[in-house]
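Accompanying notes for the structure given below.
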Amino acid sequence: MDSRLTRRGVLAGSVAGAAGLAVGATAPAAPGYRPGGTATRASAARAGAVGRPRLRWLGNNGWEIRFDTPNGRRTVLIDPWLTRFHTGTYTKQGADPDTPLSVRPDVIDRYHLSADHILVTHGHYDHLTDVPYLAGRTGATVLGTETHVNLMTALGAPADQLSVVRGGEYLECDGYTIQVLRSLHSMVGERSRVPFPGTRPGHPPATPKVIADLVEGETLAYLITVGEVSIIDFGGSNYASADLAGLRPTVALVPVGGGAIHRYVPRLLDTLGHPRYVLPTHWDDFDYPLDEPARDFGGLAPLRTAVRQASPASRFVVLDHLETFTP
């Protein structure tokens with residue numbers, strides 16, 4: 001069996017099954033905007049007045065969320081990967097698992113990122129590789145599973161900045177909250193499998209050298225609430241519906257794909273109460289630099305169609321690389 005990682009399976013499922021993603025979808029004719037629950041609004045009130053968050057897409061599943069608080073500007077980063085070394089992931093051959101890992105400080109520093117928190121959804125190379133360097137440069141607190149923390153420690157991240165989370169944590173921060181949610185990774189290929197599966201519990205492994213060394217390590221989603229605006233992010237095109245029950249985010253950052261997942265889009269948007277905004281994420285071919293326009297590898301149109309059918313009142317907002325959006 002070919003051991004190369006390829007997204008062709010999930011892409012094929014998306015292109016062939018856009019209508020299938022929306023099969024049986026039900027949505028209210030005009031779903032109203034419902035911000036986070038009572039506890040979220042109370043937390044925001046205690047934190048004092050905060051500015052509306054500004055989202056900037058850093059390519060792949062990388063996001064920068066910035067906002068002002070009474071104590072100054074705050075920044076949350078999700079899965080920042082700016083080096084974008086060549087892997088061939090979206091080619092017919094897929095990525096060679098022995099592709100060497102690379103971190104380019106000169107590329108990363110070009111974007112002058114700051115951070116109070118860095119949120120890691122899972123351990124794959126296109127999500128975690130740059131985080132240890134950014135943690136050291138920014139002093140941010142980094143959240144991830146035990147495996148993610150062990151991998152980042154092995155890559156040289158400052159150990160005292162790393163916080164192990166499992167899903168279920170609800171953190172009160174300066175003017176914002178972070179709710180950590182158990183989630184699931186995309187499943188691809190003919191047999192619907194997680195690419196580079198596995199965990200690294202107990203202690204840090206040997207220093208990761210190639211992309212296959214960065215295993216999934218369990219997947220998390222995050223709900224970030226700033227005032228009355230809440231933003232949910234998924235690192236892969238899958239999720240645990242029970243862990244999302246009762247959440248009503250303003251913005252859902254939804255990865256493309258999901259062709260192997262039963263009613264991927266309609267189930268998700270039904271569970272989330274049909275968010276006001278849906279922003280696609282993880283849709284660009286990351287073999288190309290971040291300072292070039294994003295190149296759709298083929299999943300964007302099927303996701304747009306599925307969202308339109310499942311939740312017609314949700315606004316589908318597509319950002320290009322480094323573009324911003326304020327909900």
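Values in this text are rule-based calculations from the coordinates and carry no lab data. It should be emphasised that the depicted structure is a prediction, and the values quoted were computed from it without experimental measurement. Ideal geometry is used to build each Cβ from the backbone, glycine not excepted, and the neighbour counts take in all protein chains shown.
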Legend entry - Added length on full extension, which subtracts the Cα-Cα distance from 0.36 nm per residue, residue 209 to residue 317: 35.2 nm
Legend entry - Viscosity 0.692 mPa s, temperature 37 °C, Stokes-Einstein D of the chain from Kirkwood C-alpha radius, µm²/s: 167 µm²/s
Legend entry - Cα-Cα P(r), the stretch 224-325, percent of pairs per 5 Å interval: 2, 12, 24, 26, 18, 11, 6, 1
Legend entry - Loop sites in the stretch 138-207: trypsin sites (Lys or Arg not before Pro), DSSP, at most 12 other Cβ within 10 Å: 166, 191
Legend entry - Per residue convex hull volume, Cα atoms of the stretch 150-297, in Å³: 162 Å³
Inset, instruction - Using the Cα centre as the reference, give the magnitude of the dipole from point charges on the C-beta atoms of the stretch 201-327 (Lys, Arg: +1; Asp, Glu: -1; all else neutral), rounded to the nearest 20 debye. - result: 620 debye
Inset, instruction - Once every Cα of the stretch 114-205 carries one equal point scatterer and solvent is ignored, give the base-10 log of I(q)/I(0) from the Debye formula at q = 0.10, 0.14, 0.22 Å⁻¹, two decimals. - result: -0.27, -0.52, -1.15
Inset, instruction - Add +1 for every Lys or Arg and -1 for every Asp or Glu among the other residues with Cβ under 15 Å from the Cβ of residue 146, and state the total. - result: 0
Legend entry - 5 Å-binned pair-distance histogram of the stretch 170-241 (Cα, whole percent): 4, 13, 18, 18, 16, 15, 10, 5, 1, 0
Inset, instruction - Would you mind giving the average projected area, over all directions, of the Cα convex hull of the stretch 48-186 in nm² with one decimal? - result: 9.0 nm²
